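The values are calculated or read from the model by the stated rules, or taken from the named source; none is laboratory data. These numbers were taken from a predicted model, which means no experiment stands behind them. Neighbour counts are summed over all protein chains in view; Cβ atoms, including those assigned to glycine, are modelled from backbone coordinates with ideal geometry. Heavy atoms of the whole protein, side chains included, go into the accessibility calculation; ligands, DNA and RNA do not. Shrake-Rupley method; radii C 1.70, N 1.55, O 1.52, S 1.80 Å.
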Amino acid sequence: MNLIGIGAIALLSTVPFTGVMPGLASSQSSEPVFAQSSQQQAPIQLKLVAERQSVVAIASGQVAWKPLPTNASLLPGESIRYVVTASNISDRQIKNLVVTQPIPKSSIYVLGSATLPTLQGAKVDYSIDGGKTYSDNPTIRVKLDNGEIVNRPAPDSMYTNVRWRFGDSFPAKTITYATYQVRVR
């Protein structure tokens, strides 16, 4: 797999508030990638949008998400949803596309909130070590009072990255979405 620099392939929507809006970390593809120029567009475009959970909707029992304004003030415990939009704008399929997304340090991943792209074979996994290793269910070793060492599910506060594998083939002229949620610390 080739590591693709996100600056060459992504359209990134940024919200200027510190520590809450992550950048798109990276994407990987086994297809050759060329630098973007005025005459050439990269085959994959990525966009990241942050949305705030609507307080009014929560009170009524319905959850709604609204775009996070650039001047947003966030409170501890607030939920933010990130929507990653991946578009294959080329006339050919892309093989083995992988997109990783960091969990902002000022937030905690909401366990079970990551959604899969609507592509056959798509998978999501997570890192608790800054993206060095990934697992669909990260665990940590814990020493019990009796001295026994056991594996336990990693707590939500340890999650550092979400990674989507978009299946074996990302069809030409296709747009798909993946999401995840965090709580502000």
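Restricting attention to segment 81-119, the residues that are in contact (Cβ under 8 Å) with a residue 60 or more places away in the chain and over 17 Å from Arg183 (Cα atoms) add up to 19. Residues in segment 109-129 that are at pLDDT 95 or above and surrounded by 19 or more Cβ atoms within 10 Å (Cβ to Cβ): Tyr109, Ala114, Tyr126, Ser127, Ile128. Looking across segment 75-108, the residues that are polar (S, T, N, Q), outside any strand (DSSP E or B) and open to solvent by less than 50 Å² (accessible area, probe 1.4 Å) come down to Ser90, Ser106.
At pLDDT below 90, on the phi < 0 side of the Ramachandran plot, of a type outside the set (A, V, I, L, M) and in a strand (DSSP E or B): is that true of Gln45 in this structure? Step through it out loud before you land on a result.
Details: at pLDDT below 90: no; on the phi < 0 side of the Ramachandran plot: yes; of a type outside the set (A, V, I, L, M): yes; in a strand (DSSP E or B): yes.
Judged against the criteria, Gln45 is not a match.
Within segment 115-141, if we keep just the residues that are farther than 11 Å from Asn161 by Cα and among the hydrophobic types (A, V, I, L, M, F, W, C), the residue that is nearest to the chain's Cα centre (by Cα) turns out to be Leu116. Within segment 130-147, residues that are touching a residue at least 24 places away in the same chain (Cβ under 8 Å) and within 18 Å of Ile108 (Cβ to Cβ) reach partners that are open to solvent by less than 100 Å² (accessible area, probe 1.4 Å) and among the basic types (Lys, Arg) with beta carbons closer than 9 Å, at six or more positions or on different chains, in the pairs Gly131/Arg163. Within segment 130-181, being touching a Lys or Arg at 6+ places or on another chain (Cβ under 8 Å), surrounded by 12 or more Cβ atoms within 10 Å (Cβ to Cβ) and part of a strand (DSSP E or B) holds for Thr139, Ile140, Trp164, Arg165, Ser169, Phe170, Thr179, Tyr180, Gln181.
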